[in-house]
Number of protein chains: 2
Amino acid sequence: MPRTRSAPPSPAGPVRLGPDSRTALRPAAVAVDAGFWHDRRETNARVSLPQGPGLLESAGNLHNLRLAAGTAEGEFRGAYPFVDTDVYKWLEAAAWQLAQDGSEELTAHVDRIVSLVAAAQQPDGYLNTWFQLVKGGERYQDLRWGHELYCAGHLIQAAVAHHRATGRSELLDVAVRFADHVDSVFGPPGSGRPVDGVDGHPEVETALVELYRETGERRYLDLAGYFVDRHGHGLVGGEAYCQDRVPLREAANVEGHAVRQLYLLAAAADLAAETGDAELRTVNERLWQAMTATKTHLTGGLGAHHDREDFGDPYELPNERAYCETCAAIASVQWSWRLALLTGEARYSDLIERTLYNGFLAGVSLDGERWLYVNPLQVRDGHTDPGGDQSARRTRWFRCACCPPNAMRLLASLEHYLASGDEQGLQIHQFVTGRYSAGPYAVRAETDYPWEGTVAFTVEESPRDRPWTLSVRIPHWCREFRVRCGSGTYDQTDAPVEGGWLRLERDWAPGDRVVLELGLEPRLTAADPRVDAVRGCAAIERGPLVYCLEQVDHLGGGLDDIVLDATRPLAVKHRPDLLGGVTTVVAGGRRRRIPDAGWWPYGPAGDTAPDDGEPVELTAVPYYAWANREDGSMRVWLPTS
Amino acid sequence: MPRTRSAPPSPAGPVRLGPDSRTALRPAAVAVDAGFWHDRRETNARVSLPQGPGLLESAGNLHNLRLAAGTAEGEFRGAYPFVDTDVYKWLEAAAWQLAQDGSEELTAHVDRIVSLVAAAQQPDGYLNTWFQLVKGGERYQDLRWGHELYCAGHLIQAAVAHHRATGRSELLDVAVRFADHVDSVFGPPGSGRPVDGVDGHPEVETALVELYRETGERRYLDLAGYFVDRHGHGLVGGEAYCQDRVPLREAANVEGHAVRQLYLLAAAADLAAETGDAELRTVNERLWQAMTATKTHLTGGLGAHHDREDFGDPYELPNERAYCETCAAIASVQWSWRLALLTGEARYSDLIERTLYNGFLAGVSLDGERWLYVNPLQVRDGHTDPGGDQSARRTRWFRCACCPPNAMRLLASLEHYLASGDEQGLQIHQFVTGRYSAGPYAVRAETDYPWEGTVAFTVEESPRDRPWTLSVRIPHWCREFRVRCGSGTYDQTDAPVEGGWLRLERDWAPGDRVVLELGLEPRLTAADPRVDAVRGCAAIERGPLVYCLEQVDHLGGGLDDIVLDATRPLAVKHRPDLLGGVTTVVAGGRRRRIPDAGWWPYGPAGDTAPDDGEPVELTAVPYYAWANREDGSMRVWLPTS
C-alpha cells in the first residue's frame, strides 16, 4: 500500500507516526470502555499503578535519585545498574494513564518523581544513578554490562509519553538533554565523537526514533540507525547475548537474550518506517517469520533458556523451563505492532492477540498486585520452587523489577495497539469494546470476547461522498465465522477475506451495523513434530485463549500422570465464580497407572502393556489465569497416549 | 552381611577401608592390563596427564601458588576462587598413576608441584591462593561462595593419594596441617571453635573421612560428621544450591547443584561405613533410589538445569539442555561405589557401569586432549553453540577447569572401582581384562567387553581347605546370558542369581574356568511416561552402551526430521576404522517430510496426514564417542512415530 504522505500525526501513543512515516497503516484512536481488557486496565489503574511509588520507594529506586540529586544521604540501593528504569517505566505507564484520566493523586506522584529525575541529572545531560553513585562517574567504560544507554532509552520513552499525554515538557527536556549528550559522545570512527559503541542491552534505539518523531530532530533518528547497525561487530563482546554476534542485516533467526533482540528489532522496524530502508524491512520480515515458526511458544511466550535468558535453538521450546519473560511478551507486541503498521499484514496482529491473552497477561495476577517474571508452560508434580525472580509463584516485586512496570505501561497504553487506519478506511486488529476512529472514519465495537465470539460494529462517522473499507481481522486460529452486513451474510467459504483481513467496502453511513460471529469451538492443537518437548501431546485452545490444567482443579493426584482422551468431545462451561469469571473447557482423560519401575525408569520399548487408567474429568482454565489460587502443578500440553 | 572386623586395610585407592569399617564388601586389588578401559587409561597416562603441568602453568594455577609462596610477582590469575583445586586434582590423578608406573618425568612434575603447594601454605596451615592473594587473607567470611574448605578437601584427597601411591608424606603433612587448622576453627556452638559453618560446596567432608582412614585420627571423622549434619540449616544461605535447604537426613530426593549434592552424599556414605550410623545409611539408600528413579538421564548423566547446575524436578530430564556435568558423573561413581561396598548390592555397580561407559566417558575425547563439561543428549539441527565451558564442542581446557583433572583422577584410579571381596569370596562388579584379588582369592578375567559379551574367568589363587564364592554381577540391562562353569551350564532361567549377583560357590582350584556370555543384542529402550522430554521416542542401546546418531553419519539432512522405524530389526556392525574401533548399530528409519506450516508451527491436532517419508539407514555410534569428528547435530532419543 502507498504511504499516506498527507496524514496528520497519528494519535498520541507509544508509536506516533509523523506525516513522512512510510507505513501501510497508521494507528487509530481508540477508546476502550468496557469488557475484558477494560477490566484489566481498571485493575492496572486502580491497583497496580498506585502501588508503584511505594514500591519504588521501598526498593530504593527513588532514594537513589535523591542521592544523585544530592538531597539525601546513604548508599546506593538495588542489585543492578539499571534500577533507574523501574522508575522510568512506571512514569511512562503513569503518563499513559494520565492521558485517560486526570487523577490528582497520580498527577502529584508523577510531578514529584519527574522533579526527582530532573534533579538527579548531571549538568551535561548524563543521568544514571548507578554510575554516578557507585562507579564514580566512570561513564561508558562498560557498555557490555553497564546499561547506561538502556536506561537513557527508558527515560526517553517515559519523557515522550509524558509529553504526549500531558503536553508538559519537564521530562522531555531532561530526555533531550540526555539524548544530545549521548549524540555528542557516540558515533562511528571519523565522526569526531569519542566513543564508537553500542549498549549491551538494546532499548535506546527505538526510544531515539520516538524522540525524533516527537521533536522532529533528525539527529536522533540517525543516532538510532547508527546504534542498530553497529550491533554485531564485537563492540560489546561479540556474543549473541548482547546482540553482538552477527549484524542484524545478516541474521537468519532471532537469537540471544530475547528482550534485547526484540527491542533491537522494534527499532529496526521503526527505522524501516522512517527511512524507507527496504533491506531493513526485509530483515524484519525474515526474522519475524523465523521467530514465530521456530522459536515461539504456543502462548506467544519467547525464550527457551533460563541461563542467559536466551531464545535457544530452533524448535527448542521446553515447557517447564520455558523462559517466557513477561518483558519479552511485551517487546514482542511492540515489535509486531510496528510491523503490522509497516506492512499492513494481519498476521502480526494475530501474534499480538495470542501474546496479549496468554504469554503477556499471565505475567499479571488477577488482583494486579503480584507478578510472574518467567511464564512457564508447565509446573511439575513435585516441583521445588527456587523462589526469587524466577519463581513459578507470583511475587509482589522482583529484585530485577523490569516486568511489573513494563506490564503497567503496556496495559495503560493498550488502546494504541488495537486498530489502524489508512486512506481506504479503518482496520480493526483486536476485538475490544470501544470506539475506533481514524481520519473521517469511526465505528463502535461491542463484544464479550474472548468469552463470546460475537462482535457488533456500528458505524459512527463516515464521509458521505465515497465508499470506504471496514477491515476486520479474521484470527488465524478461526476455522468458522459468519458475518452479517446489511442484507448480506458471509461465512468462511465466501467472505471477502484477503490475507487475514475481512474487507467490507461500502457506502457506509452512521448507524450501519456489522455483526461478526467467530466460531469459538474449543479445539485441540498439536505442534510441528520438531518441537520435541510436546511430542505426543495436545493443548486445549478456545478462541485466542490457550488453556491449562491446574492441580487445584484435579484433586486426588498430580497432573503428570494424566492423559487426555482426544477422542472425547470438549465441553464449554462458563464459570462466573471462578478466577474473576472465566469460560472453562471440560475434557475427558484418565489417570494413568504407572507401574513401579524400581530404581531405573528406562526399560524395553514396547514392553509396557496399554493401561487405560482411571477416567478423570479434566477442567481446563485459561492459561492467563493460572497461579492465582493455591500452589500446585500446571500443564498446557497434555499427553494424548 | 556382617562386617569383616579382622580384615586388613583394603588396597591403596581412593576408598581405603580400615579394619573397623562397617561395610559388606571391601575393595579388591585389581590390575587392568588390556582391553577397552586399559586403552582409555593408556591415553590418560600418555596424553592427558602429561599435558596437565603445562596447562596449569598457562592457566595461571601454578603461578598463583608461586605468588602465595612469595617466589614470584604479579597478579592472581583465574576466574574463580577455587582454581587451586585444578592443581590438587591433577596431583591426585598423577599420584594414582605413579602407583602403577614410575615415570621419572611424572615423578619430577609431582615433586615440583608438591613443593610449590607446600611453599604456598601459611604457617598456621591455611592454604588458598585466592584468599591469600586477592582477599587479603580474609578467611572464612564467605563460606557460601568462597570454596575454602572445598579446596582443602581436594588438597586432602591429593595428599592421601600421594601418600598411598608413593609412601611419601610431604603432601600429607601439608594436608594434615590444613585439616588441623580447619578443625581448630570449625565446630558447633559451645565447642570453643570460633566458626559454626559449612562450605557452600561440599567436598571436604569425604576428604576428611579418607584422611581419618589414612591417619587414624578420629578428629577428622568427627569433623566430617559435623559438616555433613550442619548442611541444611541455613548457614550458607539456605538454598538447595549449597545443599543448605534441608538437612540431609530429612531430604526426600536429591536436589540443587548436582556435584555438591553427590560429594556430600559420598561423605554420608563414608560416615555410615565408619560409624555404623543406620539412619545415615537409610538416607543414602533413599536418596540414591529417588535419584536414579526420577533424576537420572539414560547415560547416567545427572543434572537438568544449566542455570545453577541443578538437578531439576522429578522426571525433568531434558535432552538438549541436559546439564550432565562430567564431574557429576564422576561424583556419582564415587558415591555409588561407597554404597556398593556398604550394602553389597549389585545395582550400585549397575549405575557405575552405565555412568562409566556413557555419561562419564563422553566427557573425554578419544585422543585425550579435549573435554566436554556438559554432556547433552541432543544437539539440534541449527544449533548455535554458545562456546565457552558449556559448549557442545570439545574444548582444550575450561575457564572453570574442574572436569578435566577430575576425569584424569578417575581414569588413573579406575581399577579401584571394579571388584570387591569379603569373607565369602570375590565379587566382580565390572568386566575388565585383568587380575582381581582379595584376601586369599584371585581370578583373572579376559574379555573384549563392551564389544563382545564373553568374559572368561580363570581362578589363580584359592584357599585349598574350603569352598568360596565367585560372584559376578549380571547387569540390570541383560535379558539373556549363559554361564559355563566346570561341567555345568546355566542361563537366565536357572542361574543362581540373587539381587543381580551370579553366585558361584565351589571348591575352586587354580586353573578353574568360568565363561560368562552376556547377550549383547542391540535393544530399543523407552522411558517412564513422566519423562516428558522423550515421549514417543526410543533410544538404541547395546550392552552397557547408549548409542546416538550423529549428523556426520547421515549426510543429506539433519537429524530432527528423522523417525526410527521400531518394527525393523537392529543390525550390529563392527567398524575398526571408526572412532578408534566401535561396534555400530544400524537401524531403519525415514526422513519425515514436514509440510511448511507458514509462520505458525501449531495447528489442529490430528490434521496432519501420515507421511511415511523417505527411508533412511540410521547408523548409531556409542554415545561416549560423539563429538570426535566434525560438528553437527546429535540425538540419543529418536522419535518412533
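Side notes on the structure shown:
- Note on the protein assembly as shown: Cα convex hull, mean projected area over all directions, 50.5 nm².
- For A:THR454, residues with placed amide H under 5 Å, excluding near neighbours: A:ASP448, A:LEU518
- Computed lengthening from A:ASP142 to A:ARG503, 0.36 nm per intervening residue step minus Cα-Cα distance: 124.8 nm
- For segment A:479-549, relative contact order (Cα pairs under 8 Å, six or more residues apart, normalised by length) works out to 26 percent.
- Helix-only mean residue ellipticity at 222 nm for chain A, each DSSP H run of n ≥ 4 adding -39500 (n - 2.57), per residue, nearest 500: -9500 deg cm²/dmol
- Environment charge at A:VAL160 (Cβ cut-off 11 Å; Lys +1, Arg +1, Asp -1, Glu -1): 0
- Translational diffusion coefficient (Stokes-Einstein; Kirkwood radius from C-alpha pairs) of segment B:555-615 at 10 °C, 1.306 mPa s, in µm²/s: 110 µm²/s
- For B:PHE481, distant residues with modelled amide H under 5 Å away: B:GLN492, B:GLY519
- Spin-label model distance (nm) - A:GLU369 vs B:HIS38, 7 Å beyond Cα toward Cβ: 7.3 nm
- According to the Kirkwood relation over distinct C-alpha pairs, the hydrodynamic radius of segment B:452-554 is 16.2 Å.
- Where GluC sites (Glu not before Pro) fall in DSSP loop in segment A:114-198, at most 14 other Cβ within 10 Å: A:GLU138
- The 3J(HN,Hα) values that the Karplus relation (6.51, -1.76, 1.60; θ = phi - 60°) gives for segment A:56-62 are, in residue order, 5, 6, 6, 7, x, 4, 6 Hz. Gly and Pro appear as x.
- Equivalent ellipsoid semi-axes - Cα gyration tensor, segment B:142-185, angstrom: 22, 11, 5
- Span from the segment B:583-636 Cα centroid across to the segment B:501-521 one, whole angstrom: 42 Å
- Pairs of alpha carbons in segment B:1-108 whose separation is greater than 15 Å (percent): 73 percent
- Taking the convex hull of the alpha carbon positions in chain A and averaging its projected area over all directions gives 29.7 nm².
- Kirkwood Rh, angstrom, segment A:488-614 [1 / mean 1/r, Cα pairs]: 19.2 Å
- Segment A:540-595: trypsin sites (Lys or Arg not before Pro) in DSSP loop, at most 12 other beta carbons within 10 Å: A:ARG593
- Stokes-Einstein D for segment B:280-332, Kirkwood Rh over Cα pairs, 37 °C, 0.692 mPa s (µm²/s): 293 µm²/s
- Kirkwood analysis of segment A:385-455, using all unique Cα-Cα pairs, places the hydrodynamic radius at 15.2 Å.
- Shielding by partners - mean other protein chain Cβ count within 10 Å, residues of A:305-316: 6
- If you wrap segment B:39-84 in the convex hull of its Cα atoms and look at it from every side, the mean projected area works out to 3.8 nm².
- Between B:ASN128, B:VAL472, A:CYS478, the Cα set farthest toward the positive side of the dipole of the protein assembly as shown (charges on each charged residue's Cβ, about the Cα centre) is that of A:CYS478.
- Net length available on complete extension from A:GLU104 to A:GLN289 is 62.1 nm, with 0.36 nm assigned per residue and the Cα-Cα distance removed.
- In units of the rule-of-thumb radius 2.2 N^0.38 Å, segment B:358-516 shows an alpha carbon radius of gyration of 1.35.
- In this label model, B:ALA571 and A:ARG168 are separated by 8.1 nm, measuring between points 7 Å along each Cα→Cβ vector.
- Label reach from A:ASP385 (point 7 Å along Cα→C-beta): in segment B:245-268, no amide nitrogen lies under 14 Å.
- Relative contact order for segment B:241-307, counting Cα pairs under 8 Å that sit 6 or more residues apart, in percent: 33 percent
- P(r) tail, segment A:530-581: Cα-Cα pairs separated by more than 18 Å, 47% of all pairs.
- Listed values for segment A:248-260 are Karplus-derived 3J(HN,Hα) couplings in whole Hz (6.51 cos²θ - 1.76 cosθ + 1.60, θ = phi - 60°), namely 3, 5, 9, 5, 9, 7, 5, 7, x, 4, 4, 5, 4, and x replaces Gly and Pro.
- Amide H within-cut-off set for B:GLU325, under 5 Å, with H built and near neighbours excluded: B:LEU302, B:ASN375
- The ellipsoid equivalent to the alpha-carbon distribution of segment A:431-504 has semi-axes of 21, 16, 11 angstrom, derived from the gyration tensor eigenvalues as √(5λ) and listed largest first.
- Equivalent ellipsoid semi-axes - Cα gyration tensor, segment A:94-227, angstrom: 26, 17, 11
- Computed from backbone phi with θ = phi - 60° and the Karplus coefficients 6.51, -1.76 and 1.60, the 3J(HN,Hα) list for segment B:558-566 is x, 10, 7, 9, 8, 10, 7, 8, 6 Hz; x is used for glycine and proline.
- Relative contact order %, chain A, counting alpha carbon pairs below 8 Å whose residues are six or more apart: 13 percent
- Sites A:ARG593 and B:SER184 - FRET efficiency at Förster radius 60 Å, r taken between beta-carbons, to 0.05: 0.55
- Taking a straight line from the alpha carbon of A:LYS135, these lysines sit under 30 Å away, with near neighbours fewer than eight places off in the same chain left out: A:LYS89, B:LYS135.
- Between the C-alpha center of segment B:295-367 and that of segment B:222-279 there is a gap of 18 Å.
- With R₀ fixed at 60 Å, the C-beta to C-beta distance from B:ARG396 to A:THR454 puts the FRET efficiency at about 0.35.
- Whether segment A:285-384 is rounded, prolate or oblate, judged on the alpha carbon gyration tensor where a/c under 1.5 counts as rounded: oblate
- Comparing B:GLY613, B:VAL636, B:LEU520 along the charge dipole axis of segment B:517-639, the residue lying farthest to the positive side is B:LEU520, per the Cβ-charge model.
- Diffusion coefficient, µm² s⁻¹, Stokes-Einstein with Kirkwood Rh over alpha-carbon pairs of segment A:213-263 at 37 °C and 0.692 mPa s: 281 µm²/s
- Percentage, to the nearest whole number, of Cα pairs in segment A:331-410 over 15 Å apart: 62 percent
- Here the calculated FRET efficiency for A:LEU555 and B:GLU630, from their Cβ-Cβ distance with R0 = 60 Å, stands at 0.65, rounded to the nearest 0.05.
Read-outs: derived from the displayed coordinates by stated rules, not from any lab. These figures come from a predicted structure and were not determined experimentally. No Cβ is skipped: glycine too gets one built from the backbone with ideal geometry, and neighbour counts run over all protein chains shown.
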